[in-house]
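Bear in mind that the values in this text are calculations on the coordinates, not laboratory data. Because the structure is a prediction, the values reported are computed rather than measured. Every residue, glycine among them, receives a Cβ derived from its backbone with ideal geometry; neighbour counts consider all protein chains shown.
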Amino acid sequence: MHILDTLKERGYVAQVVYEDDLYKQLEREPTPFYVGFDPTASSLHFGHYIPVLVIKHLQQAGHKPIVLMGGGTAMVADPTGKTELRPILSIEEVERNVAGVKEQMSRFIDFSEGEAVMVNNADWLLKLNYVGFLREVGAHFSVNRMLTAECYKQRMEKGLTFLEFNYMLMQAYDYLELFRRYGCRLQVGGDDQWSNILAGADLIRRKERQDAFALTVKLLLNSDGEKMGKTAKGAVWLDANRMSPYEFYQYWRNQPDGKIRECLNLLTFMPLPEIAELFKPGADINDAKRVLAYETTALIHGKEEAEKARQAAAALFSGGADSAAVPTTALAPSQFEKDARVTTILALCGLASSNSEARRLVQSGSVYIDDTKVESADQTIDPDAIPSDGVLLRKGKKSFHRLIVQR
């Protein structure tokens, strides 16, 4: 099967330009393609996950990934999907984040010689002559057309800075530079980047008179139409130090029933017929949820950690298994002296994003300590009454956290 058909069948493809010619290009020869990642943090998060899997699919089909670290573009705030100006990072912060993401990306992509390359756009963007850049690149962009781009619409309401307005030109220039250096003919990215990616393909066709293609992948949305990948503690990180394998497992285990098949198609490499078997008439949706949680966790953290997470979940829901992998927070007795209310403890452990959210959870009857419901938002926890192996805090039916006291 053609790789584009594979990507379509699994539900990845959102938009593609010059589609017929791209089919021919990918059939004709191994094609260099690139995906860009702005290193705004030292770890990848769920927003990067689907593009990373698309890289793996294309690489397995024989094409050549160019993973672009945005050491230069990260210093210019990307306005896409934002109503506020993103924080401007220092050169030192960007370099530190690039190093962290490089190490992490190597777990997913084969960077052995001739298989893939990783580059940093700081190598050329930070050396640009501004007037020369305007003459070579800026002359090919219509301001009127740029202002209609989806990536600028939300920021236009609050006030789009000239700094952000340059982002599209810089991303387009990246594509041109990668074409010149590596023969790159395809850029892949999230569908919210369509305008920026299309601008790069258009720039190559104008300046180099060569074929260049743009392909965007679908964003995985929740039932409210918002991008998935957030928890009470923040982003769904791919770094075990930021989000434990158990928490990662539970995030996917707890997805709504109607999202499970889409997630299995997009977020795993399971053959589609095997996925279909999980949804035959009479099948238990919880079996599919457990498969989704295990497969995604195994891809990110390895099979050993995925099995530990599965065992921890079994300990909590079925009994009789090792619960050592359950997320745990250790608090010093002095922290209880400051405020020992359950609501404060919930926020400290990450089961609630704030004290006010914790109060609402308690008032709705959703919070338990071991098997006892917390009846009042003013209820406190006595650290002396907590056994050495801790107590289990529970939010709703599926979110657990172990609390222990440092003694």
- Task: Using the charge dipole of the chain (Lys, Arg: +1 at Cβ; Asp, Glu: -1 at Cβ; taken about the Cα centre), state which of W194, G365, L163 has its Cα farthest towards the positive end.
- Result: L163
- Enumerate the whole-percent occupancy of each 5 Å bin, from 0 to the last occupied one, for all C-alpha pair distances of segment 3-217. 1, 7, 15, 20, 22, 18, 11, 5, 1, 0
- Per principal axis, largest first, the Cα atoms of the chain extend in Å by 73, 48, 38
- Note on the structure: In this structure, the FRET efficiency calculated for Q60 and T329 from their beta-carbon separation, with R0 = 35 Å, to the nearest 0.05, is 0.30
- Mind scanning K218/K289; K227/K280; K8/K397 and naming the pairs with a C-alpha gap bigger than 26 Å? K227/K280; K8/K397
- Message: As a footprinting exposure proxy, order S354, S366 by other Cβ within 10 Å, with the fewest listed first.
- Response: S354, S366
- Task: Based on other C-beta atoms within 10 Å, arrange D284, D110 from fewest to most.
- Result: D284, D110
- Message: I need the calculated FRET efficiency for the pair F162 and K218, taking r as the beta carbon distance and R₀ as 25 Å, to the nearest 0.05.
- Response: 0.20
- Quick one: if you stick a label point 7 Å off each Cα along the C-beta vector at E357 and L272, how many nm between them? 3.7 nm
- Message: Rounded to the nearest 20 debye, what is the charge dipole size of segment 328-405 about its Cα centre when +1 sits on each Lys and Arg Cβ and -1 on each Asp and Glu Cβ?
- Response: 460 debye
- Query: Of T297, T344, T148, which is the most mobile in a GNM of the chain whose springs link Cα atoms less than 10 angstrom apart?
  - Reply: T148
- the chain - share of DSSP beta bridges that are antiparallel (%, nearest 5): 45 percent
- Task: Quote the relative contact order of segment 244-317 in percent (integer), defining contacts as alpha-carbon pairs under 8 Å separated by 6+ residues.
- Result: 45 percent
- Task: Enter the mean projected area of the convex hull around the alpha-carbon atoms of segment 242-301, in nm², rounded to one decimal.
- Result: 3.9 nm²
- Task: Per DSSP H run of at least 4 residues, take -39500 (n - 2.57); add these up for the chain, divide by its residues and hand me the 222 nm value, nearest 500 deg cm²/dmol.
- Result: -13000 deg cm²/dmol
- Query: Given a Förster radius of 35 Å and the C-beta distance between E208 and S90 as r, what FRET efficiency does 1/(1 + (r/R0)^6) yield to the nearest 0.05?
  - Reply: 0.50
- Can you sort Y173, Y368 by how many other beta carbons sit within 10 Å, fewest first? Y368, Y173
